[in-house]
Every structure is written in C-alpha cells, then in structure tokens.
Amino acid sequence: MPQIGKSIFTLLCLIALGLVVSVPARADVVYISPFVVQPSGQGVVPTVLTLQHSGNNTTEMGAVIRGNGVDVLLFPNPTGDVVSGVNSKTIQFSSLNTSAANLGIFLDIVEPGNDGALTLTSLTLTAYTNNGMVLDIFNYTGGPLLLTETPGAGGGRSDHVFGLTGDQAARLQAAFAANPDLRLGLAASFTGVAGGPEQFFFGARNVPQTPIPEPATMILLGTGLAGVAARVRRRRGVSRD
Ligand SMILES: [Ca+2]
Ligand SMILES: [Ca+2]
C-alpha cells in the first residue's frame, strides 16, 4: 500500500478506535513493572490481542475492537499484524473476576533478536458494551517505552504489566457497574521488533509472580536434589552402582 494510502488507512483505524463517539482520550494507562506469569499461553489466560510482524518489517501494530455485537480486528499495517481467532478477541470484564483498580494488562514478549527488546509506542484500552458502544477509552501516553523480554523466556510467559491510574480505574469500575456486559478491547503498536508474536492478556495484578530461577540457583537446586536422592537411596539400602 502506498505511504499516503497507508496513512489514511491508519487514520481511519484511529477514528474507528477513538472518535466513533465523542469520548476524549486521556493518559490513563500506565506502565507498572516487569511481571512474570507462567504459563500464560492460549486457553490458560484471557488473551485479548496478539501481534506478529511480517517479514523484515520491524513494526507491529493492530487492534481488536467491538462493533455491532461482534469483534473486529484492525490492521493499520498493510502486512496485517493481528493474529486472528482466539488470539485476538474482546474480553468480558466480569469474566476476569477482578476490580478495575487491580486490572493488569499483561504483555508476553517473544523477541529472539540480539537485544531481546522492543519498544512499545502506543497502548489503548477501550471499554464497550456488548453491542459495541464505546463507554470509555484509556490511553498510554508515556512515550516510547523500551521493554526487555525476561531472559530465557520466549512465549507462554508474561514479561511486563500495565494498569490504570486510580481515578481512571474508578471510571472503569463505574462503567462496569452501569453496564454489566462491559467488554474490553485493546490496540497497541511496537517498533524494534525482530520476533514475535507479542501477546496481551488481562488478569489481576495481585497474583503471585512466577519465580524465575537464576542459572546458578538452578545448578545448586539440581545438586541439592541429587544429594537428597543419594541420601534416600543410602537410607533404603539401595544402590544403583
Ligand atoms: Ca515472553
Ligand atoms: Ca528488538
């Protein structure tokens, strides 16, 4: 697609995201911290958006929105970065069993490139009714954010988490109280992408993180287990030698 056409298409997508109704976008989504949850694959966590860059393209962008009672995928990139099916779908807020204040937008990076990092350039959480009316829009406006994948992780393990500011969480909670069918959609974009797919899923932020053993710890752990096994064998008078 020519550059001008791409720009217009991107603009149309942004209009579809933010200007369908006159809800002003605000700086409401904030980066919280690294956060490791594992497993975090399909069917285990409520995945909302999965992006996969194409070929040598180093950007990833796309969105899943709600319209007329069905989910709609938006592909601002002509390469089509949104992975369809269960990988990208709006999520009913009630199914998350968490408060808006405790809502986590988890990111599972898969970035096997040299730097193991990518840069998040935008992130927008949108609340809809089930039939697609926009209730509220929450934007990350913190500027380009360099994010590194948890070493040795790959897919199926989240790396970072975002959340809502306190006052905006209260807005979402109020919208949910008034609209029990409230659904959440997501839009995101990255640069510096060499791998993928990148997966976003929702969850509670007050869950325990998955401990990631350091390599040295794992060696010690292995040695310790071998020692325990040897003692057990001696105690039982069993020898495999
Ligand atoms: Ca990961
Ligand atoms: Ca990278």
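The values are calculated or read from the model by the stated rules, or taken from the named source; none is laboratory data. The structure presented is a predicted model; accordingly, all values stated were derived computationally and were not measured. Methodologically, a virtual Cβ is constructed for each residue, glycine included, from the backbone with ideal geometry; neighbour enumeration extends over all protein chains shown.
Between Phe162, Phe138, the distinction of being crowded, with 18+ Cβ neighbours inside 10 Å, away from ligand 1 (no atom under 16 Å from the Cβ) and either assigned to a helix (DSSP H, G or I) or in contact (Cβ under 8 Å) with a residue 24 or more places away in the chain (or both) belongs to Phe138 only. Could we say that Leu74 is in contact (Cβ under 8 Å) with a residue 60 or more places away in the chain, crowded, with 16+ Cβ neighbours inside 10 Å and away from ligand 1 (no atom under 16 Å from the Cβ) here? Yes: the conditions hold for Leu74. Quick one: in the stretch 194-209, which of the residues that are at pLDDT 95 or above and in contact with a Ser or Thr (Cβ under 6 Å, 6 or more places away or on another chain) is surrounded by the fewest Cβ atoms within 10 Å (Cβ to Cβ)? Across the stretch 194-209, the extreme among qualifying residues is Ala204.
Take the residues in the stretch 34-56 that are surrounded by fewer than 17 Cβ atoms within 10 Å (Cβ to Cβ), within 16 Å of ligand 2 (Cβ to nearest atom) and touching a residue at least 24 places away in the same chain (Cβ under 8 Å); name whichever of them is farthest from Asn77 (Cα to Cα). Going through the qualifying residues, I end up with Gly55. In summary, Gly62 fulfils each of the numbered conditions (1) modelled with pLDDT of 95 or more; (2) small (Gly, Ala, Ser); (3) part of a loop (DSSP other than H, G, I, E, B) with the single exception of condition (3). Are any residues in the stretch 176-199 at negative phi and assigned to a loop (DSSP other than H, G, I, E, B), and if so, which ones? Within the stretch 176-199, Asn179, Pro180, Asp181, Leu182, Val193, Ala194, Gly195, Pro197 qualify.
Set side by side, the residues Leu118, Leu107 differ, and just one is more than 14 Å from Phe35 (Cβ to Cβ), within 13 Å of ligand 1 (Cβ to nearest atom) and part of a strand (DSSP E or B), which is Leu118. Pull up the stretch 107-127, narrow it to residues that are over 12 Å from the mean Cα position of the chain (by Cα) and buried (at least 24 other Cβ atoms within 10 Å of the Cβ), then point me to the one that is nearest to ligand 2 (Cβ to nearest atom). Here the answer is Leu118. Going by what's in this entry, would Thr150 be described as assigned by TED's automatic domain parsing to the domain that holds Val48 and part of a loop (DSSP other than H, G, I, E, B)? In short, yes.
Results for (1) assigned to a strand (DSSP E or B); (2) in contact with a helix residue (DSSP H, G or I) (Cβ under 8 Å, 6 or more places away or on another chain); (3) assigned by TED's automatic domain parsing to the domain that holds Gly185; (4) on the phi < 0 side of the Ramachandran plot, shown as yes or no for each residue.
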| position | (1), (2), (3), (4) |
| --- | --- |
| Val37 | no, no, yes, yes |
| Leu73 | yes, no, yes, yes |
| Pro76 | no, yes, yes, yes |
| Gly80 | no, no, yes, no |
| Pro112 | no, no, yes, yes |
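For the stretch 155-196, a residue qualifies if it is within 19 Å of Tyr140 (Cβ to Cβ) and touching a Pro at 6+ places or on another chain (Cβ under 7 Å), and the qualifying residues are Asp159, His160.
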